[in-house]
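This report concerns only the one structure given below.
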Amino acid sequence: MSQKSGARFTEKQGHYLAFIYTYSHMFGRPPAETDMQRHFGVSPPSVHQMIVTLERNGLIRRQAGVPRSIEILVPPETLPILSWLGIKPSKSL
């Protein structure tokens, strides 16, 4: 999938990025991996592997040893589900 910003991610990665953005927007902090596990109905290793993949691909950044430190590095308007939800990204999180 190709976005306006040039960022490239799969549909599944886009869903995780959109969830991280939306959760952060709603609760004022990024989700924990357990939050993503519950939302997507997957195992803890699956969530962790996705987070590692997103970080390796330069789509997010985390601080080692700091929980809930995920920072999205792609413009929010490129996230696939936000327009469908009617969320207007007012700022990067």
(request) Considering only residues that are part of a helix (DSSP H, G or I) and touching a Leu at 6+ places or on another chain (Cβ under 9 Å), look in region 29-54 and name the one that is farthest from L79 (Cα to Cα). (result) T53
(request) Can you run down the residue pairs with Cβ atoms below 6 Å, 6 or more apart or on separate chains, where the first is in region 15-27 and over 13 Å from T78 (Cα atoms) and the partner is part of a helix (DSSP H, G or I) and open to solvent by less than 20 Å² (accessible area, probe 1.4 Å)? (result) none
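The values are calculated or read from the model by the stated rules, or taken from the named source; none is laboratory data. The shown structure was predicted, so the numbers you read here are calculated from the model rather than taken from an experiment. Heads up, the Cβs are rebuilt from the backbone with ideal geometry, glycines too, and the neighbour counts pull from every protein chain shown. The area values use the complete protein model at the heavy-atom level, side chains included, leaving out ligands, DNA and RNA. Shrake-Rupley method; radii C 1.70, N 1.55, O 1.52, S 1.80 Å.
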